[in-house]
Amino acid sequence: MLLIYPGSFDPVTEGHISIIRRAAEFASVIVAVLDNPTKSTLFTTQERLGFLKDTLQVEVDCFSGLLAEYAVQKDADALLRGLRNPSEFTSENKYAMYNSAISATLGKRIETIFLPALPELAHVSSTIIKEAAAHIYKSGLNDSFIAEHVPPTVRAALKKQYSVM
Ligand code: ADP
């Protein structure tokens, strides 16, 4: 079974990594980084791909345009998404139904498989990590919160990005 795990990964966190590792126990996974020039990101697409490749043994790719088209072209069996809380399900379920319907019109119906977040990582998001890193590195605070929630290359990149020279 081939799963596509799409996202911004700006940057990858231990939350994403736990979803990938757990899914890789029962399927092949392609991590697909969204390359969307209109969505502003802290890290470039190449940087986001690099952090994933440094950290994981699975295939890492990038895509732009319609996710369903990319998934059909890859002949994927399903999309993979993580769920941290009930409100995330509400928005994710809409995308799951949309991707199922639109992929069917493109030649292969592709459903979405949801994996629940590990409870100890359910508070982790790329947005929260960036917000915390900005405060921690600008003020020279202890960065163990960052160290616990992102891989070492991401920690170093966040430190470089936010430290006051
Ligand atoms: P997007 O911009 O598409 O939301 P993200 O990179 O933020 O992309 O997230 C990609 C996927 O990873 C989403 O399915 C999201 O729910 C999931 N995810 C993010 N953080 C966690 C976490 N801490 N635990 C489990 N899943 C997570």
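The values are calculated or read from the model by the stated rules, or taken from the named source; none is laboratory data. Worth saying up front: this structure is predicted, and the values here are computed from it rather than measured. Here Cβ is always computed from backbone atoms with ideal geometry, including for glycine, and neighbour counts include all displayed protein chains. These accessible areas exclude ligands, DNA and RNA; they are computed on the full protein's heavy atoms, side chains included. Shrake-Rupley method; radii C 1.70, N 1.55, O 1.52, S 1.80 Å.
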Anything in the range 14-44 that is within 10 Å of the chain's Cα centre (by Cα) and either part of a strand (DSSP E or B) or crowded, with 22+ Cβ neighbours inside 10 Å (or both)? List them, or say none. Gly15, His16, Ile19, Ile20, Val31, Ala32, Val33, Leu34
Going through the range 78-109 one residue at a time, which ones are under 19 Å from the mean Cα position of the chain (by Cα), open to solvent by less than 50 Å² (accessible area, probe 1.4 Å) and closer than 13 Å to Leu67 by Cβ? Ala78, Leu79, Leu80, Glu92, Ala96, Asn99
Which count do you get for residues in the range 69-126 that are of a type in the set (Gly, Ala, Ser), touching a residue at least 60 places away in the same chain (Cβ under 8 Å) and more than 9 Å from the ligand (Cβ to nearest atom)? 3
